[in-house]
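Colleague: Structure incoming, see below.
The values are calculated or read from the model by the stated rules, or taken from the named source; none is laboratory data. Keep in mind that what you see is a predicted model, and the values were worked out from it rather than measured. Every residue, glycine as well, gets a Cβ built from its backbone with ideal geometry; the counts of neighbours run over all protein chains shown.
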Amino acid sequence: MRAEAELRDVRTALEAERGRSGRLTEELEAERGGSGRLTEELEEARRRVARAVATVLPAPPPAEPARAPSTDPAVVPERLDVLADIESRHWREPQVLADSPEPVHDLALDAGRLGGLVIRAAALRGPRSSRVRRQVTTTTLVAGLRPTVLLSVVAAGHPGGSVSHLGAAFANTCVFGQVIERRQVIDSTWRGVVEDFGGREQAMDTLRAALGQVLEALRAPVLEVARRRAEPPSAVATDVVCLLTRLGDGDRRHHVAFGTGSGRVGLVRGDGLVEVYAAPRGALPEDALAVDVACFDSGPDDVVVVCSQTTHEFIRRNVDQFGRWPTAPGPAAFLAWLGSDGDVYGEDRAMVCLWETARHGVPAVR
């Protein structure tokens, strides 16, 4: 009897549990129904917002169908400028910031026009070079001469020098003052060489000596840079190449190039680069300077190039670009071209280009 009583108690408990389970199931189903109603209300709200936006904002214009390439030989496709393929060829920016207490920009760009002469000058830090740009350029007018003379300078600090970017900057700045001090001697002897009044060789020797004094005078300020930073002279080792250009409106434009180290001066003629001056070996401030000078002239179809050694190699690889420019390029196009294939070679570059485009009877800048 006791077993039957216990069995009845178990059955009663089970029935009670089933009742509670049923009630819980009913409550869960009610909750699910409420959630479904909330979902429907949310979707309806989204549809109302979409209808409101459609009434306020205009509909987007229909997409233009893709145009098939023309097969008409009379339709000439647009010529791609150097900026058009900037994604594939443009200079790749360095992956680290400049590591120098002095403010040294990764890029430097200068542009101007002096009568018929168009100037483009730029320097940039290569993406795989040292952590600071070591090549610099400057263009400035040497007043007090008739006609006025343009001075173009490219200085390149050696990659192994810990502060050679400062050596290049100081040398680049000091050239102008030294030329100013000797401008009368430089002017008279330069005229003697070009116009050949007699004694041309003697005038050339005097001109070489005067320009040699300009370079020698750069030694002290560059050494001072190393001394102030407790660095050896090799830490500021720098190459310098300079060009003096007579302005005015003659049939030919006269130039004189001088420098030391590895810089170059060339003429772009047609599809080729003609080297007219290679600076003799010997870097500031330590090496003995074997001064050399080159006097030459350029015509309306020439582009004069003053550049560092790394840039000279770049120009040789890409000299055909000059033929694609009917006139002097704009500053942005010039800078983009100078930086092309930089991700492959990765070196610093610096150059000054002088265009004689006004004599063609077309605008000097496009």
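Colleague: Quick one: how many residues across region 278-302 are assigned to a strand (DSSP E or B), in contact with an Asp or Glu (Cβ under 8 Å, 6 or more places away or on another chain) and without any contact (Cβ under 8 Å) to a residue 60 or more places away in the chain?
Modeller: Residues in region 278-302 being assigned to a strand (DSSP E or B), in contact with an Asp or Glu (Cβ under 8 Å, 6 or more places away or on another chain) and without any contact (Cβ under 8 Å) to a residue 60 or more places away in the chain: 1 in total.
Colleague: Based on what the data block shows, is Thr206 in a helix (DSSP H, G or I) and more than 35 Å from the chain's Cα centre (by Cα)?
Modeller: In short, yes.
Colleague: On to the next question. Against the definition (surrounded by fewer than 22 Cβ atoms within 10 Å (Cβ to Cβ), more than 21 Å from the chain's Cα centre (by Cα) and β-branched (Val, Ile, Thr)), how does Val149 come out, yes or no?
Modeller: no
Colleague: Does Leu289 qualify as being at pLDDT below 95, in contact with a helix residue (DSSP H, G or I) (Cβ under 6 Å, 6 or more places away or on another chain) and aliphatic (A, V, I, L, M)?
Modeller: Yes, satisfied.
Colleague: Determine which single condition Ala350 fails, assuming it passes every other condition in (1) within 20 Å of Ile119 (Cβ to Cβ); (2) of a type in the set (Gly, Ala, Ser); (3) surrounded by fewer than 22 Cβ atoms within 10 Å (Cβ to Cβ).
Modeller: (3)
Colleague: Could you please let me know if Val304 is over 28 Å from Phe170 (Cβ atoms) and of a type in the set (A, V, I, L, M, F, W, C)?
Modeller: When the stated conditions are applied, Val304 does not pass them.
Colleague: Working only within region 216-231, note down all residues that are in contact with a Ser or Thr (Cβ under 7 Å, 6 or more places away or on another chain) and either surrounded by 22 or more Cβ atoms within 10 Å (Cβ to Cβ) or without any contact (Cβ under 8 Å) to a residue 12 or more places away in the chain (or both).
Modeller: Val222
Colleague: Inside region 207-244, can you point out the residues that are modelled with pLDDT under 95 and over 29 Å from Arg349 (Cα atoms)?
Modeller: If the condition is that a residue be modelled with pLDDT under 95 and over 29 Å from Arg349 (Cα atoms), then no residue fits.
Colleague: Being surrounded by fewer than 16 Cβ atoms within 10 Å (Cβ to Cβ) and not charged (D, E, K, R) is the filter; apply it to region 181-192 and report the residue that is farthest from Arg219 (Cα to Cα).
Modeller: By that ranking, first place goes to Ser188.
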